[in-house]
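FYI, it's all coordinate maths here, none of it is from the lab. This structure is a prediction, so every number in the text was calculated from the model and none was measured. For neighbour counting, all protein chains shown are included, and Cβ atoms are generated from backbone atoms with ideal geometry for every residue, glycine included.
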Amino acid sequence: MESLSTWDSIGTIVGDASTSEFSFILKSFRSRVGDLVAVPMEIPNEDYTDRSNIIAWGRITSIDRYNPFFPYEAAQELANESISLVDTVLSNSRDQLQARVLVLGFTWAEETGRLDLFPLTYPIPPAADVRYPPAEAIRELLAGGLEGQTQLPIGTLIARSDVPVAISAERVVARHMAILAMTGGGKAVAARRILRELIDQGYPLVIFDPHGDYIGLWEKRDLFPDTQVRLFYPHLVMAEENRAIVETLIAKMTEGLTEPQFEFMHAVMAQEAPEAGESVIGYIRRLLGHVERQIGSQSANSGPHRRPTMLATRRALNLVVAQLAKMESSNKRLRQLHPSLKFEQLPDPHEQPEEIVAPSQVSILYLGGYDHLTQSTIVSLLMEALFAHRAELSDRIAPFLSVVEEAHNFIPSGREGTDDTPSLATLRKVVTEGRKFGVGLMLVTQRPSRVDETILAQCNSFLVLRLVNPKDQAFVRSVMENLSESDARMLPGFGPGQGLISGQAVRFPLLVRIKFDKDLLSSRTQDEDFIRQAAQWKPDGKANVRKRVAAAADKLTRFKRGKRRKPN
């Protein structure tokens, strides 16, 4: 590292200075918001018998520009009289720049290599010189916070393209991370950047993808020759421990059941235990067959008050089956739009978890076509099973990171009136206990104010890109204790891929520019050209025919299944 005496002087401290912040008059065009600056100073040693030379480090959070020789009254007069400034004796070249700096800590002046950062406990001296550190010095400062950690390069400082920024892989996968940005703010770019580095480390990943944003990783799998990228579509499987899924689906997809109807359904479920590997829709159809037999039996007819209960239960189960079948069909049609993609049915997470989580494997679960409730149910069932394998310390699956895109739909805030969302309790357990068992979460959302505050606050690292909505900005400030007011004011002005990263993944909050992995772009990550699609659209004359054929085939399948199960 270059000698401190060679670092450029860029200003002088003015006004009150403390251990946490200070202001200085900045030389014109010598620094920008987000830059790291250094102040050489002295502090007393521990027994107060001598002094030690240190370097206090800070980050510029704001810069104000004003001209004391150009008063407000003169500006108003010029505007009212339409007089040009060059026709007066007023000066427009005596601007002053006053920068506000957040103190980050200090290092010893003679220290080299990876620098140890300590909290400043003696105030910054007024009139002190402010220096502009070279890139090498900043790299050493940032590297000191990652000593002994696996580094994931994510980009550069916004104000210094010559200073790379890396985050701690261990603290991302074990202590959870949230990526927050409005649509178009670059959250997908940031997520792919981090995931790409984890893929290079061979770390197991499970990605819940509601809209196909991460399918490009499969299309670009040749970039990861040592990694297996697998695309799955949902397959809800019943098990003894998740029978409540039937009740949840009925409660959400229908008008619900009365207490007598629930009692009747529980009695039916007690007689029809789930079979190994049986799908949820298959199990509900089997329940329907049982209900149908009871309705048709002579004993059922002898109870006039019991028959309406049975009919209402049958109606609810039929609605659930119809909607599940419709969503499965919708998911299938969406998959068929991309015949080049190789989708696999999701293995049973109870019986085959190693097919989903494995070293050097990326598992992408495509949830397109399902509504939010069913997506939430799928995520809940899968994460419950995988978390149980880790919590049991059975060594069946390795530690892994799960990525939850559109997190506001899976862990909604109580203000949304969706406390009974199935995945909410599951992910709350993961975020609070996952660190002990090697189950990490990366939450990605464009509406942080709609996310459960308790879960978001448990994330130990945040990458916040552009946010314009005032509610989202206020919410982010409430869950990020170290987000200053000046940093919060910057959130609406970030460009795509620009943001603030803070928390345990970095040494201190930094303004960063995320590296754009152009080679990971695929046709699915481009904006849809609906104008062209509308111009080329032609009606499908055979759509109704196919619909009737599919309905008849489904009816025949259910009839044969019910006939096979009919008792002698």
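Let me know the charge dipole size of segment 4-144 about its Cα centre in debye, to the nearest 20, where only the beta-carbon of Lys, Arg (+1) and Asp, Glu (-1) is charged. Could the numbers behind the result be given before it?
On the way: 11 positive and 20 negative charges, 71 e Å.
Once rounded to the nearest 20, the dipole reads 340 debye.
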Which FRET efficiency value, to the nearest 0.05, do you get for GLU111 and SER161 by plugging their Cβ-Cβ distance into 1/(1 + (r/R0)^6) with R0 = 25 Å?
0.45
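Once every DSSP H run of n ≥ 4 in the chain is given -39500 (n - 2.57) and the sum is divided by its residues, what mean residue ellipticity at 222 nm do you get, rounded to the nearest 500 deg cm²/dmol?
Details: 18 runs with 212 residues, N = 568.
It comes out at -11500 deg cm²/dmol, rounded to the nearest 500.
Give, as a single signed number, the net charge of other residues whose beta carbon lies under 15 Å from the beta carbon of SER28, with Lys and Arg counted +1 and Asp and Glu -1. Working shown, then result.
Values: positive: LYS27, ARG30, ARG32, ARG65, ARG94; negative: ASP8, ASP35, ASP64, ASP95.
Computed value for this residue: +1.
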Could you pull out every one of the aspartates and glutamates with an alpha carbon less than 13 Å from that of LYS342, ignoring same-chain neighbours closer than 8 positions?
GLU219
Ratio of segment 4-144's C-alpha Rg to 2.2 N^0.38 Å, to two decimals?
1.32
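Rounded to the nearest 0.05, what FRET efficiency do GLN151 and THR121 give with R0 = 30 Å and r taken as the Cβ-Cβ distance? Could you check? All intermediate terms of the calculation are to be shown ahead of the outcome.
On the way: r = 30 Å, r/R0 = 0.98.
Once the sixth-power term is evaluated, E becomes 0.50.
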So if we plug the beta-carbon distance of ASP517 and ALA425 into 1/(1 + (r/R0)^6) with R0 = 25 Å, what FRET efficiency do we get, rounded to 0.05?
0.10
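For the chain, the longest stretch holding no chymotrypsin sites (Phe, Trp or Tyr not before Pro) located in a DSSP loop with at most 14 other Cβ atoms within 10 Å is which? Before the final figure, lay out each step's value.
Details: sites that count: PHE29, TYR48, PHE69, TRP537.
Excluding the exposed sites themselves, the longest stretch runs over 70-536.
Can you flag which of LYS252/LYS429; LYS187/LYS515; LYS220/LYS518; LYS187/LYS471 are past 20 Å Cα-Cα? If you can, show how the numbers build up before the last one.
Numbers: LYS252/LYS429 22 Å; LYS187/LYS515 12 Å; LYS220/LYS518 11 Å; LYS187/LYS471 18 Å.
Table pairs above 20 Å Cα-Cα are LYS252/LYS429.
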Report the extension gain between LYS326 and HIS338 in nm, rounded to one decimal, defined as 0.36 nm multiplied by the number of residues separating them, less their alpha carbon distance.
2.4 nm
Additional length obtainable on full extension of the chain from SER478 to GLU433, 0.36 nm per residue less Cα span:
13.9 nm
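Once Rh for the chain is found with the Kirkwood sum over Cα pairs, what is the Stokes-Einstein diffusion coefficient at 37 °C and 0.692 mPa s, in µm²/s?
Details: Rh = 27.7 Å.
The diffusion coefficient I find is 119 µm²/s.
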